[in-house]
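See below for the structure under consideration.
The values are calculated or read from the model by the stated rules, or taken from the named source; none is laboratory data. Treat the numbers as computed from the prediction; the structure is a model and nothing was measured. Please note: Cβ atoms are built from the backbone with ideal geometry, for glycine as well, and neighbour counts cover all protein chains shown.
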Ligand SMILES: [Fe+2]
Ligand SMILES: [Fe+2]
């Protein structure tokens with residue numbers, strides 16, 4: 001659990017947010033890593049990353065041009081799919097033949113889940129709260145053109161999607177290295 005993360009989400013007063021937080025607790029969001037071997041590949045890395053993305057996005061001059069709640073929801077929930085889904089965790093311990101966890105790559109991606117994390121984030125959040133169109137687009141396309149299905153957004157980018165994409169890049173490529 002994290003007080004700041006929860007308080008920000010609850011400040012939106014969106015119906016169902018408390019239940020979504022309960023689900024995040026149950027599914028291990030607050031202790032999950034942010035990646036298998038890249039940025040914040042350690043316990044609680046995913047929570048730290050989500051807060052970093054919000055901290056960066058919220059001080060961008062153009063943040064005032066998007067809805068305050070949409071900014072909170074999209075930044076804090078964009079990667080919740082990385083905790084896993086269908087009762088399975090996304091990042092599993094990468095145990096070497098020696099029996100130790102690899103230092104270079106502490107986790108491996110659960111091949112059973114298959115679905116991309118941005119789609120899982122949408123799926124999980126939508127079970128508990130109503131996402132606005134802006135928030136759904138921003139979460140779905142937060143990787144910009146770095147994923148094959150990101151090409152769909154070319155020419156249809158929204159303000160929130162661009163803010164989230166940039167904040168996510170800045171967090172993972174600058175702040176968290
Ligand atoms: Fe992501
Ligand atoms: Fe991210």
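Couple of notes before you dig in:
- Any hit, the range 141-148, residues being at pLDDT below 95 and within 10 Å of ligand 1 (Cβ to nearest atom): yes
- Qualifying position, being away from ligand 1 (no atom under 16 Å from the Cβ), within 20 Å of residue 161 (Cα to Cα) and touching a helix residue (DSSP H, G or I) at 6+ places or on another chain (Cβ under 8 Å), among 46, 51, 9, 76: 9
- Checking each residue in the range 114-144 for being loosely packed, with under 14 Cβ neighbours inside 10 Å, in a helix (DSSP H, G or I) and in contact with a helix residue (DSSP H, G or I) (Cβ under 9 Å, 6 or more places away or on another chain) picks out only 127.
- Inspection of the range 26-45 identifies no residue that is in a strand (DSSP E or B) and farther than 19 Å from residue 143 by Cβ.
- Within the set 153, 124, the sole residue that is touching a strand residue (DSSP E or B) at 6+ places or on another chain (Cβ under 7 Å) and within 16 Å of ligand 1 (Cβ to nearest atom) turns out to be 124.
- Filter result for the condition that a residue is touching a residue at least 60 places away in the same chain (Cβ under 8 Å), in contact with a strand residue (DSSP E or B) (Cβ under 7 Å, 6 or more places away or on another chain) and within 26 Å of residue 2 (Cα to Cα), over 73, 109: 109
- Residues that are crowded, with 21+ Cβ neighbours inside 10 Å and either more than 14 Å from the chain's Cα centre (by Cα) or without any contact (Cβ under 8 Å) to a residue 40 or more places away in the chain (or both), drawn from the range 57-69: 66
- Hits in the range 50-78 - residues which are within 16 Å of ligand 2 (Cβ to nearest atom), outside any helix (DSSP H, G or I) and under 12 Å from residue 138 (Cβ atoms): 78
- The range 160-177 - residue that is surrounded by fewer than 16 Cβ atoms within 10 Å (Cβ to Cβ) and modelled with pLDDT of 95 or more and, of those, nearest to ligand 1 (Cβ to nearest atom): 173
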